[in-house]
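**Q** Questions regarding the structure given below will be posed in turn.
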Amino acid sequence: MEQIKELIKYAVRAPSGHNTQPWKFIVFESEIQIHPDHTRVLPVVDSDNHALWISLGCALENLVIAGGKFGFKSEVNISSEDKDRTFIKVKLFSLDKQRPDELFDYIGTRQSTRNEYEAINLSVQDLNVLKTCFDIQGINARFFSQDEIKVLEPFIIEGSNLQFKNKKFVTELVSWFRFFEKEAKEKGDGLWTACMGLPKMNRFIGNIVMKHFVSAKSEAKRWKKLIHSSSGLVLFVADKNDIEHWVNLGRAFQRFGLTAAKLNISHAHVNMPCEEIEVRKQMTKSLDLTGKHPLLLIRFGYSDKMTYSFRRPVEDVIFKKDAYI
Ligand SMILES: Cc1cc2nc3c(=O)[nH]c(=O)nc-3n(C[C@H](O)[C@H](O)[C@H](O)COP(=O)(O)O)c2cc1C
């Protein structure tokens, strides 16, 4: 059990929307199941739960990579015998030797880095490593160079405008903000303002600032600066819009994040045009992606590291079969 606990500790270092960590791990003799935690959903920004399943895919990829390091081969399946209860099944087979994946070493150093980047190009070699960091059926990554960022800019700004004009979006976002280190540490989840590059403030002031001083206009200005400081953007596109593809997209994105960490390249989300359905439709058409599903937009480039986010204790996310409700 101690070894399984260790494996799950690596799994939960994965990114998740608003750092909700929407996962439950159920442990059997030689199988770990990853279930969605429906108490940790984001009904406004993620009404179809695609981001939730992408997050579970990221945790899955960490688990498989860590399994190799601990001498396990993993066989992954998505189980949906019961339509209301879909989950990920990871069967573990003991190997007589380790099966290390070099990305294991970067599970702890990867982070979403939300500061301004240095506005310089990546070397051709590093860009090629990023472009070939995963090979997963049904998932593609479309890269945009610095010069091509302007193609995406109108969709990014439109998505941001819609979100910051939507009171429900702002309320949901702020409910996951953790304004103090003490609060962030105790809850072990959510968006600690230090990781967002925001100044220290209490929840009362924070609510006022977010609701009355952060406007669609100020956000648009901030986003323009952030995207043009990037070396490029990458759009993760799924062939189908279903749970299997969401999980696989999460696995691909996690390999991207770990590979970027290995190369000392920062990355962060610019998801608004994927999250706002009407904007996603327009962007899909404009990029000639009709029939496909662009679900994550990421900026990358060089920058300093930021404060790391917290996780809940691993004991809080491990359930024995009988304890699962
Ligand atoms: C599916 C998904 C969607 C995300 N969307 C956003 C986003 O829109 N904006 C953002 O700043 N971060 C976004 N994130 C990053 C999370 O907020 C981040 O992973 C979490 O706070 C934990 O921090 P870490 O990645 O540094 O470990 C997203 C992550 C995932 C997996």
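The values are calculated or read from the model by the stated rules, or taken from the named source; none is laboratory data. Computed from a predicted model, the values in this text were never measured in an experiment. Cβ sites come from the backbone with ideal geometry, for glycine too, and all protein chains shown count toward neighbours. Areas reflect the complete protein model, heavy atoms only, side chains present, ligands, DNA and RNA absent. Shrake-Rupley method; radii C 1.70, N 1.55, O 1.52, S 1.80 Å.
**Q** Top mean-square fluctuation among Gln98, Gln33, Gln254, Gaussian network model of the chain, C-alpha springs under 10 Å?
**A** Gln98
**Q** Which of the lysines could be linked to Lys5 by a straight reach, that is with a Cα gap under 23 Å, when you skip same-chain ones fewer than 8 residues away?
**A** Excluding near neighbours in sequence, the set is Lys24, Lys69, Lys73, Lys89, Lys91, Lys97, Lys185, Lys187, Lys320, Lys321.
**Q** Beyond 28 Å between alpha-carbons counts as too far, so tell me which of Lys131/Lys240; Lys165/Lys281; Lys182/Lys262; Lys131/Lys292; Lys9/Lys211; Lys221/Lys262 fall in that bin.
**A** Numbers: Lys131/Lys240 21 Å; Lys165/Lys281 20 Å; Lys182/Lys262 30 Å; Lys131/Lys292 19 Å; Lys9/Lys211 36 Å; Lys221/Lys262 31 Å.
Checking Cα-Cα distances, Lys182/Lys262; Lys9/Lys211; Lys221/Lys262 exceed 28 Å.
**Q** Full extension from Asn241 to Leu289: what is 0.36 nm times the residue separation minus their Cα-Cα distance, to one decimal in nm?
**A** Length gained, Asn241 through Leu289: 16.0 nm.
**Q** Could you give the size of the charge dipole of the stretch 124-301 about its Cα centre, using +1 on the Cβ of each K and R and -1 on the Cβ of each D and E, expressed in debye and rounded to the nearest 20?
**A** 580
**Q** I've got another one for you. At 0.36 nm per residue, and after removing the present C-alpha to C-alpha distance, how many nm does the segment from Glu116 to Asn140 gain when stretched out fully? Provide the component values of the computation, followed by the final result.
**A** Details: separation 24, 0.36 × 24 = 8.64 nm, distance 2.63 nm.
6.0 nm is the gain from fully extending Glu116 to Asn140.
**Q** In the chain, what % of DSSP beta bridges are antiparallel (nearest 5)? Spell out each step's value before the answer.
**A** Values: 36 of 40 bridges.
Taking every DSSP beta bridge within the chain, about 90 percent pair in antiparallel fashion.
**Q** For the chain, find the longest principal axis of its Cα atoms and tell me its angle to the long axis of helix 50-69, 0 to 90°, nearest 10.
**A** 50
**Q** Compute the relative contact order of the chain as a whole-number percentage, counting only Cα pairs closer than 8 Å that sit 6 or more residues apart in sequence. Working shown, then result.
**A** Working: 592 pairs, mean separation 86.0, N = 325.
Once divided by the residue count of the chain, the mean separation gives 26 percent.
**Q** With label points built 7 Å along Cα→Cβ from the Cα atoms of Tyr308 and Ser215, find their separation and express it in nm.
**A** Using points 7 Å along Cα→Cβ, the separation is 4.0 nm.
**Q** In debye, nearest 20: dipole of the chain around its Cα centre with unit charges on the Cβ of K, R (+) and D, E (-)?
**A** 820
**Q** Follow-up. Subtracting the Cα-Cα distance from 0.36 nm times the residue separation, let me have the gained length for Asn166 to Met1 in nm, one decimal.
**A** In short, 54.9 nm is gained.
**Q** Got a sec to turn the phi values of the stretch 199-212 into Karplus ³J(HN,Hα) couplings, 6.51 cos²θ - 1.76 cosθ + 1.60 with θ = phi - 60°, whole Hz, x for Gly and Pro?
**A** Each residue's phi maps through the Karplus curve to give x, 5, 7, 8, 4, 4, 5, x, 4, 5, 4, 5, 8, 10 Hz.
**Q** Follow-up question, since we're still on this one. Return a whole-number percent for the relative contact order of the stretch 136-279, with Cα pairs under 8 Å and 6 or more residues apart as the contact set. It would help to have the intermediate numbers written out before the result.
**A** Working: 131 pairs, mean separation 61.7, N = 144.
RCO, the stretch 136-279: 43 percent.
**Q** Here's another thing I want to ask about it. With charges set only on the Cβ (+1 for Lys and Arg, -1 for Asp and Glu), what does the dipole of the stretch 26-79 come to about its Cα centre, in debye to the nearest 20? Walk me through the numbers on the way to the answer.
**A** Details: 3 positive and 7 negative charges, 36 e Å.
In debye, rounded to 20, the stretch 26-79 gives about 180.
**Q** Taking all protein chains in place and a 1.4 Å probe, what share, in percent, of the accessible surface of the chain do carbon and sulfur account for?
**A** Roughly 51 percent of what the probe reaches on the chain is carbon or sulfur.
**Q** For the pair His38 and Glu186, how long in nm is the line joining their label points, each one 7 Å along Cα→Cβ?
**A** 3.0
**Q** Also: How big is Rg to Rh over the stretch 2-110, alpha-carbon atoms, Rh as the Kirkwood inverse-mean-distance radius? Can you show the working numbers first?
**A** Working: Rg = 14.0 Å, Rh = 14.3 Å.
My calculation puts Rg/Rh at 0.98.
**Q** Testing the spin-label approximation: label points 7 Å from Cα along Cα→Cβ at Asn77 and Ser123. State their distance in nm.
**A** Here the answer is 4.5 nm between the modelled labels.
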